[in-house]
Structure formats: C-alpha cells, structure tokens
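A.B. asks: I am attaching a structure below and will ask some questions about it afterwards.
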Amino acid sequence: MVNYLPRSAWNARPPKDGPGNLTVSRVEGAVIHWPGTGSTKVIHTQAAVASALRGWQDYHMDTRGWSDIAYQVAVDQSGRAWTLRGLRTQSGANGDNDVNERYGAILLVLVTGEQPSAAMKATTRAVIADFRKLYPRGTAIRPHSAVRPEPTDCPGDPARAAIARGDFTPGHSEDDDMTPAQMQELKNFIEARSQAYALWVHKQLRRDLTAVVKAYALDIKNYERQTDAADAARAAAAVWATAPKNLQADGTPTTPEPVTPDPTTTPDPSLPDLDPFPTVDEHPTPNGSNNPA
Ligand SMILES: [Zn+2]
C-alpha cells in the first residue's frame, strides 16, 4: 500500500462535476503518461512537483474545460505518490471516453530525455499493485501511445522502454533490471577478461621458464668447460707420473711415486681463460631448447 500525498499537498482546487468512478468489470489496465512539457528542465523537489501539478490542473480545467487534472495518480523521481483524481475516479487523460473507461491513468513526472529513477519505478510498481487490488482484471500496463486513438509521443521513449522491460510491473525485482542484451554484454566482458588473464599468466610462465632454461644452459656450459680443463690436467699428471724417468745403477727403473690426482688441481694456465658469462643464444629454437655451442 502506497502512502499517497493528499490533494492538499499540491494545493489542489476542488474538482468540478466529472465522470465519476470507473466500472471495475470494464477496467483492463493502467496507462502510463508523462506531462510532455517539451522541456528538459527537471521537476524534482516536492515544491516543484506541487507547483507543476497545480499548473497542469489549471490548464486542464480552465483551458481544456475538464473537471479536474486529467490523471488519477502522479509519481515523481523521488518516489513520491500524489493523489490527483485518485485510483477510483475515471481519468480524462487517455484520449476518448472508451479508453478512459478501460484504463486508469498514472502520470510520471518526467521531462524530455529523463530516465525514470529506481524510486519512481518502485513506487509506480506499488501504485499499480494497488490499482490491481481495485481492478483484478486490470492487469495491463500500457504506454499512452499504445491506446490513444490519435498519435502521441506520451510517455516518452525512456518510460516506454521501462514499460517494455517490465520495470513498472509489480513483483519485478530491481536485481533483474538488466535486459537480456545487457546480461550477454556482461557475460562477454567477463569471458574476455578471463581469456586475457589466462593469456597473461601463460606469457608470464613462459618468460620465467625461458629464463630458467637460459640459466641452466649457462651453468652446464661452465661446468663442462671447467670439468674438461680439470680432467685434462689430471690426465697429463698421470701420464707424466708413469713415464720412465730414472734408471737405477743396475738398470731397473725406480718405482714411480704413486700419483693421486689433486682434486683442487687448477686448470693448466696455458688453457684459455674461461668466460664467466659466455654468450647464450638469446633466441631459443621453437621447441624451447638451447644449444650451447
Ligand atoms: Zn499521456
């Protein structure tokens, strides 16, 4: 149940004799309107809405000669609901007597190009729920442009889109405010981000792996060169040690001193200096292997 501001809140004039109450069995639904100010100057504060309603009442009663402001209820962007004729009284807003008998009339206080706020939508849903309690068969929610015999832009494109989305339908959850197209767009966005992240991780791992492969290749190259040098030195020492050098007086060779290779043997200084940072192939072959040359 909506808390409706009374007519006194907008300083309404008393209505003249009018069409009376709607006939419950004839009512098919509610029609959504806007003021059609032709301006983009918003009408948001309570004072501004009250003043605007009074102006539209004057116009409808004095210029158009109607009994009262044409609509049943107004809803503004702050979610205030205003009693105009009230939901029981037939409106004069829909276009002719037939559509006025078949539909209620709810005014959304929107100006040109303005999107209905979440508060406006929530209150409008509640007003329509109240409407349906009075008129159980009156479940349709139509833009004025869909029922008026003459063409009209009312209630403007944003409200028409909101009606089409079901934004004013009671029970509609704000959580469902995304259209299927918006939902798909979000899904695509998340998938694209996930793929980009997976690619980034892949590249990062590959780069790390390449660095590790390079470091290993360098280690192996150094180790092999040092080992070669040490082995060569040990082999030379062994050969030297077993070579017959001295004969004793009786012609028998002296027993050679056994030679134990010194594990700390340093490479022959005549060997070329080892490059502690040999050049490593900066462009590994496609299979990722390095070929230390
Ligand atoms: Zn209208």
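The values are calculated or read from the model by the stated rules, or taken from the named source; none is laboratory data. As the structure is a prediction and not an experimental result, all values here were calculated from the model. Don't worry about glycine lacking a Cβ; one is built from the backbone with ideal geometry, like all the others, and counts go over all protein chains shown.
A.B. asks: Do the conditions hold for Asp208, that is, is it among the acidic types (Asp, Glu) and within 16 Å of the ligand (Cβ to nearest atom)? If you could, list the steps in order and put the result at the bottom.
C.D. replies: Details: among the acidic types (Asp, Glu): yes; within 16 Å of the ligand (Cβ to nearest atom): no.
The answer is no for Asp208.
A.B. asks: How many residues, within region 127-144, are crowded, with 18+ Cβ neighbours inside 10 Å and either within 11 Å of the ligand (Cβ to nearest atom) or of a type in the set (A, V, I, L, M, F, W, C) (or both)?
C.D. replies: 7
A.B. asks: When you look at Phe131, is it outside any loop (DSSP other than H, G, I, E, B), modelled with pLDDT of 95 or more and touching a strand residue (DSSP E or B) at 6+ places or on another chain (Cβ under 7 Å), yes or no? Explain how you work it out, then say what you get.
C.D. replies: Details: outside any loop (DSSP other than H, G, I, E, B): yes; modelled with pLDDT of 95 or more: yes; touching a strand residue (DSSP E or B) at 6+ places or on another chain (Cβ under 7 Å): yes.
For Phe131, the condition - outside any loop (DSSP other than H, G, I, E, B), modelled with pLDDT of 95 or more and touching a strand residue (DSSP E or B) at 6+ places or on another chain (Cβ under 7 Å) - is met.
A.B. asks: Provide a single number: the residues in region 93-109 that are within 11 Å of the ligand (Cβ to nearest atom) and either assigned to a loop (DSSP other than H, G, I, E, B) or of a type in the set (Gly, Ala, Ser) (or both).
C.D. replies: The total comes to 4.
A.B. asks: Name the pairs: first residue in region 178-205 and among the polar types (S, T, N, Q), second residue modelled with pLDDT of 90 or more and part of a helix (DSSP H, G or I), Cβ to Cβ under 8 Å, at least 6 apart or on different chains?
C.D. replies: Thr179/Arg165
A.B. asks: Continuing with this model, one more query. Mind listing just one residue for me: the one in region 51-92 that is among the polar types (S, T, N, Q) and within 14 Å of the ligand (Cβ to nearest atom) and, of those, farthest from Lys16 (Cα to Cα)?
C.D. replies: Step one: of region 51-92, the residues among the polar types (S, T, N, Q) are 51, 57, 63, 67, 72, 77-78, 83, 89-91.
From what's left, within 14 Å of the ligand (Cβ to nearest atom): 72, 91.
Working: Gln72: 15, Ser91: 13 Å.
Here the residue is Gln72.
A.B. asks: Here is a follow-up. For Pro151, all conditions in the list (1) assigned to a loop (DSSP other than H, G, I, E, B); (2) in contact with an Asp or Glu (Cβ under 8 Å, 6 or more places away or on another chain); (3) without any contact (Cβ under 8 Å) to a residue 24 or more places away in the chain hold save one; what is the number of the exception?
C.D. replies: So the condition that Pro151 fails would be (2).
A.B. asks: Do the conditions hold for Val147, that is, is it assigned by TED's automatic domain parsing to the domain that holds Val27 and touching a Ser or Thr at 6+ places or on another chain (Cβ under 6 Å)? Give the derivation first.
C.D. replies: On the way: assigned by TED's automatic domain parsing to the domain that holds Val27: yes; touching a Ser or Thr at 6+ places or on another chain (Cβ under 6 Å): no.
Judged against the criteria, Val147 is not a match.
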